[in-house]
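What follows is a set of notes on a single structure, which appears directly below.
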Amino acid sequence: MAKINKLTAAQERRMEEFREEWRQIGLCCDPADFEAGDEVIRGFYKRLGKPEPLILHFSSPAMCELAVNFVFSMLKDSQLDSQL
């Protein structure tokens, strides 16, 4: 396979379009579509032959952190603590 040393003008334009498309996706602040995401995750587990996972949604990263700390504090000194 030949090594590519230079892009064509059309390839350079497409590269700029591609970069802008994904920049807009990365900067998007629209609300997440949790139902669609959950469906994809459940599909992954189903294809792997695994039971559906428990999926929790929180309003912010801070709320996720609070939930994680709460769960681990509840599990402290329990039999499950060593399994997580």
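Remarks
- Whichever aspartates and glutamates have a C-alpha closer than 16 Å to that of Lys6, once near sequence neighbours (fewer than 8 apart) are set aside: Glu16
- Each semi-axis of the equivalent ellipsoid for the chain is √(5λ) with λ an eigenvalue of the Cα gyration tensor; in descending order they amount to 42, 19, 15 Å.
- With respect to the chain, whose longest principal axis is taken over its alpha-carbon atoms, helix 34-47 is tilted by about 80°.
- Computed [θ] at 222 nm, deg cm²/dmol, the chain (DSSP H ≥ 4; -39,500 (n - 2.57); rounded to nearest 500): -19000 deg cm²/dmol
- Think of the stretch 1-82 as a dipole: +1 on every Lys or Arg Cβ, -1 on every Asp or Glu Cβ, centred on the Cα centre; then among Ala67, Gly26, Leu54, Gly26 lies furthest on the positive end.
Readers should treat all values here as calculations from the given coordinates under stated rules, not as data from a laboratory. Keep in mind it's a predicted model, so treat the numbers as computed, not measured. Heads up, the Cβs are rebuilt from the backbone with ideal geometry, glycines too, and the neighbour counts pull from every protein chain shown.
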